[in-house]
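Undergrad: I have a structure I would like to understand better, so I am pasting it below and will then ask my questions one at a time.
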Amino acid sequence: MSVHPGRDGTQLAAQWARVRGRLQNEVGEVEYRTWLRQMSFGGLDGDEVTVRLPTRFLRDWVRSHYGDRLSALWQAENRQVRRVDIRVGEPAPEADEAEPAPAPAAVTPAAAAPQADGVAGVTATERGTEAALDQRFTFESFVVGKPNEFAYACARRVAAQPASTGFNPLFLYGGVGLGKTHLMHAVAWELTSAGEARGGRKATVAYMSAERFMYRFIAAIRSQATMEFKEQLRSVDVLMIDDLQFLINKDATQEEFFHTFNALVDAGKQIVVSADKSPSDLSGLEERVRTRLGCGMVADLHATTYELRISILEAKAARAGVGVPPKVIEFLAHKITSNVRELEGALNRLIAHAHLFGRAITLESTQEVLHDILKAHDRRVTIEEIQKKVAEHWNIRLTDMSSARRARAVARPRQVAMYLAKQLTSRSLPEIGRKFGNRDHTTVMHAVQRVADLMAVDAGFAEDVELLRRMLES
């Protein structure tokens with residue numbers, strides 16, 4: 001099976017480049033480079049496209065996580081394609097392995113952007129061996145809120161004045177997907193694109209994961225090139241190590257990191273490190289390493305708030321130039337609370353689905369497209385949660401749910417909460433009534449019927465109730 005020669009082969013190569021480009025835009029540069037960059041086009045045989053990956057592990061991962069998406073993208077490109085076979089194998093000799101052609105999207109992929117000398121590597125010739133910087137991860141694209149404003153301010157300070165007193169090293173920590181890597185990339189972009197740096201030249205920045213640092217160190221030992229390894233890292237202006245927790249219990253690598261750390265700080269060079277915990281909580285790191293990491297500025301990124309998630313979604317939708325209804329943004333901000341990466345990934349999927357199928361983004365399509373993500377966040381709803389969510393939505397006190405007040409501004413939300421309790425829980429009408437100030441079951445029946453009647457004649461009210469239901473349902 002191989003790429004067809006001549007004109008057909010050229011067309012297939014162009015289609016494959018667009019498929020890769022669109023997938024790259026959807027999943028983001030970091031995820032693409034981690035899992036998808038090594039894909040190669042094996043050819044078209046009848047209605048089946050073959051995609052090759054070099055290892056069984058990558059094949060299984062891509063097949064389970066991206067198989068359906070690859071099929072959909074191929075079918076959108078070529079009506080002849082009915083299925084995609086993902087297998088282990090070397091790239092076909094005839095296949096065009098050029099970088100994927102950029103597809104219309106919100107943000108230009110990092111692969112298309114030129115990098116300044118020293119970015120993400122020790123020297124210009126070393127760039128390809130280190131983690132590439134993502135062009136999307138700049139200070140301008142970072143949405144600031146209460147949970148991350150201190151870390152953002154510290155990163156800004158380091159980018160403006162590297163190696164300044166009290167900020168060397170800069171240690172960023174927080175859970176997965178809260179923005180640590182984004183801020184590190186932003187610092188690197190700022191330092192390398194700011195023009196003249198210290199000494200009348202551009203700053204050289206070495207950015208890599210802790211895992212990459214370890215592998216390079218091991219490779220240097222095996223090839224008897226440890227001195228060259230040391231000289232390369234210690235010649236940079238800024239060393240950035242992501243996910244330092246990977247070095248836990250790696251004693252030899254920790255020792256090399258410690259000596260590199262000391263050499264750079266003593267030479268007035270900047271260190272930026274990230275991890276999932278603060279230095280004092282990283283058990284498994286040597287005490288001398290923890291002490292050194294904690295001697296500069298330690299800044300944490302807290303879990304996102306509802307307001308910050310709203311701002312992030314609005315900013316991303318604006319950059320994409322796509323109109324996303326406020327109700328959809330509110331729904332996503334309520335349902336996906338684990339981390340920003342998953343939140344942005346969900347919005348990317350919605351936007352891609354809308355582009356590919358020419359459909360508007362609605363609450364209904366959101367639930368359909370993101371059913372797997374939403375299912376993972378499903379949980380059993382309680383009447384107390386319903387009361388709290390409805391009270392927040394209509395800006396009334398939680399105690400009003402069980403009070404005797406009959407004012408419409410209170411009675412209507414209370415009726416909605418009763419309606420949702422009937423829809424979303426298995427509680428009986430008398431049990432629901434008891435949760436609302438020991439009201440009779442007939443009162444609950446009346447509330448349920450009243451809300452249903454109003455939803456039939458008032459589209460705005462129906463949309464509010466539907467939004468609440470979708471945010472709460474399991």
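Undergrad: For q values of 0.10, 0.14, 0.19 Å⁻¹, compute log₁₀ I(q)/I(0) with the Debye formula on a Cα-only model of region 193-328, without solvent.
TA: Relative scattering, expressed as log10 I(q)/I(0), comes to -0.48, -0.78, -1.08.
Undergrad: Can you give me the % of accessible surface on the chain that is carbon or sulfur? Probe 1.4 Å, all protein chains present, nothing else counted. Spell out each step's value before the answer.
TA: Details: 11110 of 22470 Å².
C and S fraction of accessible area: 49 percent.
Undergrad: Here is a further query. Can you list the residues, at least 5 places off or on another chain, whose amide H is less than 5 Å from the amide H of Asp85, using H built in the peptide plane?
TA: Close amide H contacts, sequence-distant or interchain: Val49, Thr50, Val51.
Undergrad: Leaving out ligands and nucleic acids, and using a 1.4 Å probe, what accessible area per residue does the chain come to in Å²? Write out the running numbers ahead of the final one.
TA: Numbers: 22470 Å² over 474 residues.
For the chain, the per-residue accessible area is 47 Å².
Undergrad: Rounded to the nearest 0.05, what FRET efficiency do Thr165 and Arg319 give with R0 = 51 Å and r taken as the Cβ-Cβ distance? Could you check?
TA: Values: r = 36 Å, r/R0 = 0.71.
E(calc), rounded to 0.05, equals 0.90.
Undergrad: Then there is this: How big is the Cα convex hull of region 251-336 in projection, averaged over all directions, in nm²? Don't skip to the end; give the middle numbers.
TA: On the way: hull surface 33.9 nm².
So the Cα hull casts an average projection of 8.5 nm².
Undergrad: Also: Once every Cα of the chain carries one equal point scatterer and solvent is ignored, give the base-10 log of I(q)/I(0) from the Debye formula at q = 0.13 Å⁻¹, two decimals.
TA: One equal scatterer on each Cα of the chain leads to -1.20.
Undergrad: Using a 1.4 angstrom probe and counting only protein chains, how large is the accessible area of Lys388 in Å², to 10?
TA: Counting only protein heavy atoms, Lys388 exposes about 120 Å² to solvent.
Undergrad: With all pairs of different alpha carbon atoms counted, what Kirkwood hydrodynamic radius in Å does region 299-441 show?
TA: Hydrodynamic radius (Kirkwood, Cα pairs) of region 299-441 is 17.1 Å.
Undergrad: About the Cα centre of region 163-312, how large is the charge dipole given +1 on each Lys and Arg Cβ and -1 on each Asp and Glu Cβ? Please answer in debye to the nearest 20.
TA: Values: 16 positive and 18 negative charges, 55 e Å.
Charge dipole, region 163-312, about its Cα centre: 260 debye, nearest 20.
Undergrad: I've got another one for you. Specify the inter-centroid distance of region 410-447 and region 278-330, based on alpha-carbon positions, in whole Å.
TA: So the two Cα centres are separated by 39 Å.
Undergrad: Going highest first, how would you order 235-247, 46-58 by mean Cβ packing within 10 Å? Don't jump to the answer; show the numbers that get you there.
TA: Numbers: 235-247: 21.6, 46-58: 16.8.
By packing density, highest mean first, the sequence is 235-247, 46-58.
Undergrad: Could I ask something else about it? Out of Gly179, Val272, Thr165, whose Cα points farthest toward the positive end of the dipole of the chain (charges: +1 Lys, Arg; -1 Asp, Glu; placed on Cβ)?
TA: Toward the positive end, the furthest listed residue is Gly179.
Undergrad: Considering only DSSP beta bridges whose two residues both sit in the chain, what percent are antiparallel, to the nearest 5?
TA: Numbers: 5 of 30 bridges.
About 15 percent, rounded to the nearest 5.
Undergrad: Let me ask another. For Met445 and Ala263 in one chain, what is 0.36 nm times their gap in residues minus the Cα-Cα distance, to one decimal in nm?
TA: Working: separation 182, 0.36 × 182 = 65.52 nm, distance 7.42 nm.
Going from the current span to full extension adds 58.1 nm.
Undergrad: Can I ask one more? Would you mind computing, in nm to one decimal, how far apart the modelled labels at Glu392 and Ser338 are, each placed 7 Å from Cα along Cα→Cβ?
TA: 1.9 nm
Undergrad: Using +1 at the Cβ of each Lys and Arg and -1 at the Cβ of each Asp and Glu in the chain, identify which of Ile329, Leu44, Phe246 lies farthest towards the dipole's positive end.
TA: In the chain, that residue is Ile329.
Undergrad: Using amide H atoms built 1.01 Å from N in the peptide plane, name the residues 5+ places from Gly179, or on other chains, whose amide H lies under 5 Å from its own.
TA: Result for Gly179 returns nothing.
Undergrad: While we're on this one: Limiting things to C-alpha atoms, what are the Rg and the maximum Cα-Cα separation (Dmax) for region 390-474, in angstroms?
TA: My reading of the Cα-based Rg and Dmax gives 11.9, 31 Å.
Undergrad: Taking 35 Å as R0, compute the FRET efficiency from the Cβ-Cβ separation of Asp372 and Val144 and round it to 0.05.
TA: E between Asp372 and Val144, to the nearest 0.05, is 0.70.
Undergrad: Set the bar at 20 Å for Cα to Cα. Now go through Lys146/Lys375; Lys389/Lys435; Lys335/Lys388; Lys327/Lys435 and name every pair that lies beyond it.
TA: Working: Lys146/Lys375 29 Å; Lys389/Lys435 15 Å; Lys335/Lys388 15 Å; Lys327/Lys435 28 Å.
The answer is Lys146/Lys375; Lys327/Lys435.
Undergrad: So, one more: Please find the FRET efficiency linking Arg408 to Gln80, where r is the Cβ-Cβ separation and R0 is fixed at 45 Å, and quote it to the nearest 0.05. The partial results should precede the final answer.
TA: Working: r = 61 Å, r/R0 = 1.35.
So, using R0 = 45 Å, E works out to roughly 0.15.
Undergrad: Further question on the same structure: Calculate the spin-label point distance for Lys230 paired with Ser71, positioning each point 7 Å from the Cα along the beta-carbon direction, and give it in nanometres.
TA: Result for the modelled spin labels: 5.5 nm.
Undergrad: Considering only Asn395, Thr442, Pro413, whose Cα is most displaced toward the positive end of the charge dipole of region 292-448, charges sitting on Cβ of Lys, Arg (+1) and Asp, Glu (-1)?
TA: The one lying farthest along the dipole's positive direction is Thr442.
Undergrad: Pulled fully out, how much extra length does the chain show between Ile218 and Glu466, if you take 0.36 nm times their separation in residues and subtract their Cα-Cα distance? Walk me through the numbers before you get to the answer.
TA: On the way: separation 248, 0.36 × 248 = 89.28 nm, distance 5.65 nm.
Full extension from Ile218 to Glu466 adds 83.6 nm.
Undergrad: With +1 on each Lys and Arg Cβ and -1 on each Asp and Glu Cβ, and nothing else charged, work out how big the dipole of region 245-400 is about its Cα centre, in Debye to the nearest 20.
TA: Values: 20 positive and 22 negative charges, 79 e Å.
Result for region 245-400 is approximately 380 debye, rounded to the nearest 20.
Undergrad: What size of dipole, in debye to the nearest 20, comes out for the chain about its Cα centre when the only charges are +1 on Lys and Arg C-beta atoms and -1 on Asp and Glu C-beta atoms?
TA: Working: 62 positive and 60 negative charges, 296 e Å.
So the magnitude is around 1420 debye.
The values are calculated or read from the model by the stated rules, or taken from the named source; none is laboratory data. Please read these numbers as outputs of a predicted model, since none were measured by experiment. All Cβ positions, glycine included, derive from the backbone under ideal geometry; neighbour counts span all protein chains shown. The protein model used for the area step is the full one, side chains on, heavy atoms only, and it has no ligands, DNA or RNA in it. Shrake-Rupley method; radii C 1.70, N 1.55, O 1.52, S 1.80 Å.
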